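A short worksheet on the structure shown next.
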Amino acid sequence: MLKGFKDFLLRGNVLDLAVAVVIGAAFTAIVTAFTQYVIEPLINALGGDNELGWGFQVVSDNPETFINIGAVITAAINFIIIAAVVYFVLIVPANSAKKKFATEPKDKQASTEDLLIQIRDLLEAQASQSAQGAHARPAPRVE
């Protein structure tokens with residue numbers, strides 16, 4: 001049982017995924033820090049002189065009911081930055097590498113008509129062989 005688990009862990013895909021998760025977590029921390037400490041203060045500056053940032057309080061004199069619109073916009077910007085980096089750093093190069101290194105199959109897929117023609121030719125060849133074989137061999141005698 002442990003051998004199978006070891007084989008599973010040492011398979012290339014699992015190791016690649018583990019590295020991707022670690023790198024992704026580290027990159028997410030960098031982007032989150034950038035948006036939290038650079039973008040969010042800029043967004044909050046647009047909100048006016050409110051000390052809590054860009055948003056509004058549902059119940060006045062209760063800061064726990066503050067709806068922080070700036071934090072939501074910051075999270076959206078965070079997502080867009082991460083998605084753009086993943087797309088342009090991982091997806092675009094992977095797709096171009098697939099196109100560059102992909103080999104065309106030697107036999108391109110045949111159309112349905114081509115397959116039917118091949119089947120017809122094979123059946124005709126089998127029929128002619130069985131007809132020749134019947135004439136060449138004498139029929140067995142039944143006594």
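Residues in the stretch 4-50 that are of a type in the set (D, E, K, R), surrounded by 12 or more Cβ atoms within 10 Å (Cβ to Cβ) and modelled with pLDDT under 70: there are none.
Has the stretch 67-90 got at least one residue that is surrounded by 10 or more Cβ atoms within 10 Å (Cβ to Cβ), at pLDDT 75 or above and not in a helix (DSSP H, G or I)? Scanning the stretch 67-90, I find at least one residue that is surrounded by 10 or more Cβ atoms within 10 Å (Cβ to Cβ), at pLDDT 75 or above and not in a helix (DSSP H, G or I), so the answer is yes.
Pairs meeting the criteria (first residue in the stretch 88-102 and in contact (Cβ under 8 Å) with a residue 24 or more places away in the chain, second residue open to solvent by less than 70 Å² (accessible area, probe 1.4 Å) and part of a helix (DSSP H, G or I), beta carbons under 7 Å, at least 6 apart or on different chains) are lacking.
The values are calculated or read from the model by the stated rules, or taken from the named source; none is laboratory data. Here the structure is a predicted model, which is why all the values come from computation and not from measurement. Note that each Cβ is placed from the backbone with ideal geometry, even for glycine, and that neighbours are counted across all protein chains shown. In case anyone asks, the SASA skips ligands and DNA or RNA and just uses the protein heavy atoms, side chains included. Shrake-Rupley method; radii C 1.70, N 1.55, O 1.52, S 1.80 Å.
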